[in-house]
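S.K.: Mind looking over this structure? Questions follow.
Where a number appears in this text, it was derived from the coordinates with a stated rule and is not lab data. What you see is a predicted model, and the numbers here were worked out from it, not measured in a lab. When we count neighbours, we look across all protein chains shown, and the Cβ atoms used for this are built from the backbone with ideal geometry, even at glycine.
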Amino acid sequence: MSQPRVLLEIPVEGNNFTTAGEAASRVKRTLQKLGIDSALIRRVSIATYEAEMNIVIHAEYGKIVLQVDAGGVTVLAEDRGKGIPDLNQAMTAGFSTASDRARAMGFGAGMGLPNIKKCTDQLEIDTQVNVGTKVVMKFTYPTTS
Amino acid sequence: MELRSHSVVMDADKCIGCTNCIKQCPTEAIRVRSGKAFILTERCIDCGECIRICKNHAKKAVSADLETLKQYEYRVALPAPSLYAQFKGEKPEKIIAALSQIGFDEVYEVAFAAELTTCAIHDYIMNQRQTDSAGPYPLISSSCPAVTRLLQIRFPSLIPHLIPVDPPYITAAKCFLQERLPRLNIPREKVGVFFITPCPAKITDLNNYGQHLVDGALPINLLFGGINHLLVEKELTAVPHRSSGIGIGWARAGGENSGVGVGSALAVDGIQNVAILLEELELGKLHDIEYIEALACPQGCVGGALTVENPFVARAMIQKLAGQYGDKTLPNEVQTLYAELIKESARFFTHDKVVHDKSVLRLDRDLSKAITKLNRLEAILAKLPEMDCGACGSPTCRSLAEDIVQGIAQLTDCIFILREQLVELAQRLLALAQIRPPAMGWNNEKGEGGE
């Protein structure tokens, strides 16, 4: 018998700033129901929110997939969009290619990916220009809980 | 630790089971079962939203009353600044005079203590800037106990943001005991200290953490009639009072921030607004904000569930009074007393009470059981209409699904599911009724036959 796990898939719409953040909120509420350590929930929430905003700001559409099991928490953020031409540059704090509209709303400060890296225990980014981006964020449980 | 006693309780005789309250509760702490609402106490934050919404007045706050005063030789009132906004333009010096007439020997203003608190918060923020610039920003005020409880229940990851500076009603009691009691020559047990409160959350907070400081809390709406009568009918001699506009201003949303005076502070009021803001904060959306004043009641403490005056009218009144009594700079007396008090004890204004993560939202202590329950919950939710009508007695379809998983509700509590099942049953009954035995005169071919 396979170990119990939670699998949650939430669609994310590109350029829709009204629904932006709902996926991260849902991920957060789900983790609260599972009784995950609150400091870990905070890290997952912030990383998921940044990844969700990256989809909203830069991609056409995408999804957030949450997976939780005894081993840890994994959040996948996958999108169809323009991809990241220079990943190293995108990982640099302050660098951003966000549209003027997004910047006018206070987004696109160039802290998205650096912030995600800071919050995750393991980060994999797979991107292809004009195809899309797949970000896998892994989190491990604190040892004393 | 579970709270020893909540101030918000049900009056089951008055409850008609209408479900209005269940949707108003910010922590989904109310259910209706067998025609009566009941409160899941481990989730209740005593904000008083249910007291406000209930048309039948079936929710009430348990408090002391004027009879309690008789147990003491010397009675002290600690009036919340919001009391000053209740009497259509009457001045604090008259309201304090009225308090003396209804049975208090002394009045120690919470508005005055709020000015000392203002100094303490300002200093805490300045120290924080120097010690840990990365700190848990933004810092969050501890002044509203309903907000503190909301963090424990719904936003535990934000608990480190709470500053440990005591709210003014605690500081008022501490100051009275430190500054005034030694001069009275009356033993502590013969002195009754009573906080005059605008809300149930502060009653609960005092019941649990302030029992050594305060002997009871009296709701503003309980004293309103008596005070109002005196103000209208009697010629009261105004008594001198100590608070300035800064302390009085604490009664409205934004008053605390205006007194503390740090640049990038924001004030939010109304428990649902507070929850929305904290949600954004938890997702890391708020930047460049140093301090948040968050108050559970609309317009701040003037909107407390135990007040009488309309919150908007009361807020305007407070702003007017604050202007009249000076809300630009703290009086010298305050600054001197503040300096004296922290010289005697550096931690006079702060507490070391641990604010715990309540974790009441989790489905199970065991992760794999919680996962199984969550998957069941989602499967049940998929069958429910997601109209959140509340007719089942749970506030939302999601909470009904959770209640089913936890064994305190069943699927047929949903009136839509019940109706579907009735339709199926009726169809089956009809199908059975149409099958007639051969002895009745025809074969049992479906849909055929006649006389």
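S.K.: Could you tell me which residue out of B:Gln406, B:Val32, B:Ile186 lies farthest along the dipole of chain B toward its positive end? Charges go on the beta carbon: Lys and Arg +1, Asp and Glu -1, centred on the Cα centre.
M.R.: The one lying farthest along the dipole's positive direction is B:Val32.
S.K.: Before rounding to the nearest 500, sum -39500 (n - 2.57) across all DSSP H runs of length at least 4 in chain B and divide by the residue total; then give [θ] at 222 nm in deg cm²/dmol.
M.R.: Dividing the helical sum by the residues of chain B leaves -12500 deg cm²/dmol.
S.K.: With +1 on each Lys and Arg Cβ and -1 on each Asp and Glu Cβ, how big is the dipole of the range B:8-61 about its Cα centre, in debye rounded to the nearest 20?
M.R.: Once rounded to the nearest 20, the dipole reads 180 debye.
S.K.: Next question, about the same structure. Near A:Ile84, within a Cβ-to-Cβ distance under 15 Å, what is the net charge of the other residues, with Lys and Arg +1 and Asp and Glu -1?
M.R.: Here the charged neighbours net out to -3.
S.K.: Put +1 on the Cβ of every Lys and Arg and -1 on every Asp and Glu Cβ in the protein assembly as shown; which of B:Thr307, B:Leu177, A:Ile41 then has its Cα farthest towards the positive end of the dipole?
M.R.: B:Thr307
S.K.: Given axes a ≥ b ≥ c from the Cα gyration tensor, I'd like to know whether the protein assembly as shown is rounded (a/c under 1.5), prolate (a/b larger than b/c) or oblate.
M.R.: It comes out oblate by the Cα gyration axes.
S.K.: Place +1 on the Cβ of every Lys and Arg and -1 on the Cβ of every Asp and Glu in the range A:6-139, take the dipole about the Cα centre, and give the residue among A:Gln122, A:Ser25, A:Val6 whose Cα lies farthest towards its positive end.
M.R.: Ranked along the dipole, the leading option is A:Ser25.
S.K.: Could you work out the mean count of beta carbons from other protein chains within 10 Å of each residue's beta carbon in B:370-377?
M.R.: 5
S.K.: Using Cα pairs closer than 8 Å and at least 6 residues apart in sequence, work out the relative contact order for chain B, in percent.
M.R.: Across chain B, relative contact order equals 19 percent.
S.K.: Under a point spin-label approximation (7 Å from Cα along Cα-to-Cβ), what is the B:His57-A:Gln128 distance to one decimal in nm?
M.R.: Taking the simple label geometry, B:His57 and A:Gln128 are separated by 7.0 nm.
S.K.: Counting other beta carbons within 10 Å of each residue's own, what order do B:His241, B:His229 fall into, fewest first?
M.R.: In order of increasing Cβ crowding within 10 Å: B:His229, B:His241.
S.K.: Hey, another quick one. Taking beta carbons within 10 Å but only from partner chains, what does the mean come to for residues A:33-45?
M.R.: 6
S.K.: Moving to a separate point now. Separation of the range B:225-302 and the range A:122-143 by C-alpha centroid, Å?
M.R.: 44
S.K.: Going by a ≥ b ≥ c, the root eigenvalues of the Cα gyration tensor, does the range B:1-115 fall in the rounded group (a/c under 1.5), the prolate group (a/b larger than b/c) or the oblate group?
M.R.: It comes out prolate by the Cα gyration axes.
S.K.: Still on this structure, I have one more. Starting from the Kirkwood radius over alpha-carbon pairs of chain B, derive D by Stokes-Einstein at 37 °C in a medium of 0.692 mPa s and give it in µm² s⁻¹.
M.R.: My calculation gives 134 µm²/s for D.
S.K.: Can you sort A:Val6, A:Val129, B:Val214 so the residue with the fewest Cβ neighbours within 10 Å comes first?
M.R.: Taking fewest neighbouring Cβ atoms as first place, the list is A:Val129, A:Val6, B:Val214.
S.K.: Is the shape of the range B:90-163 best called rounded, prolate or oblate, per the rule: a/c under 1.5 gives rounded, else a/b larger than b/c gives prolate, else oblate, with a ≥ b ≥ c the square roots of the Cα gyration tensor eigenvalues?
M.R.: oblate
S.K.: Now for a separate question. Under a cut-off of 30 Å between alpha-carbon atoms, report the lysines in cross-link reach of B:Lys55, not counting same-chain residues fewer than 8 places apart.
M.R.: List returned: B:Lys14, B:Lys23, B:Lys36, B:Lys88, B:Lys202.
S.K.: I would also like to ask the following. For A:48-55, what's the mean count of beta carbons from other chains sitting within 10 Å of each residue's beta carbon?
M.R.: 2
S.K.: Let me spell out the model: positive unit charges on the Cβ of Lys and Arg, negative unit charges on the Cβ of Asp and Glu, origin at the Cα centre of chain B. What dipole size does that give, in debye rounded to 20?
M.R.: 540
S.K.: Something else about it: What's the center-to-center distance, using Cα atoms, between the range B:382-425 and the range B:28-71 in Å?
M.R.: What the calculation gives is 26 Å, centre to centre.
S.K.: Another question, then. Could you list B:Ile380, A:Ile125 so that the one with the fewest beta carbons within 10 Å of its beta carbon is first and the one with the most is last?
M.R.: Ascending number of Cβ neighbours within 10 Å: A:Ile125, B:Ile380.
S.K.: Then there is this: For the range B:116-191, what relative contact order do you get, as a whole percent, if you take Cα pairs closer than 8 Å and at least 6 residues apart?
M.R.: For the range B:116-191, the relative contact order is 33 percent.
S.K.: Shifting gears a bit: Using the Cα centre of the range B:126-224 as the reference point, and only Cβ charges (+1 on K/R, -1 on D/E), how large is the resulting charge dipole? Debye, rounded to the nearest 20.
M.R.: Magnitude of the dipole: close to 100 debye.
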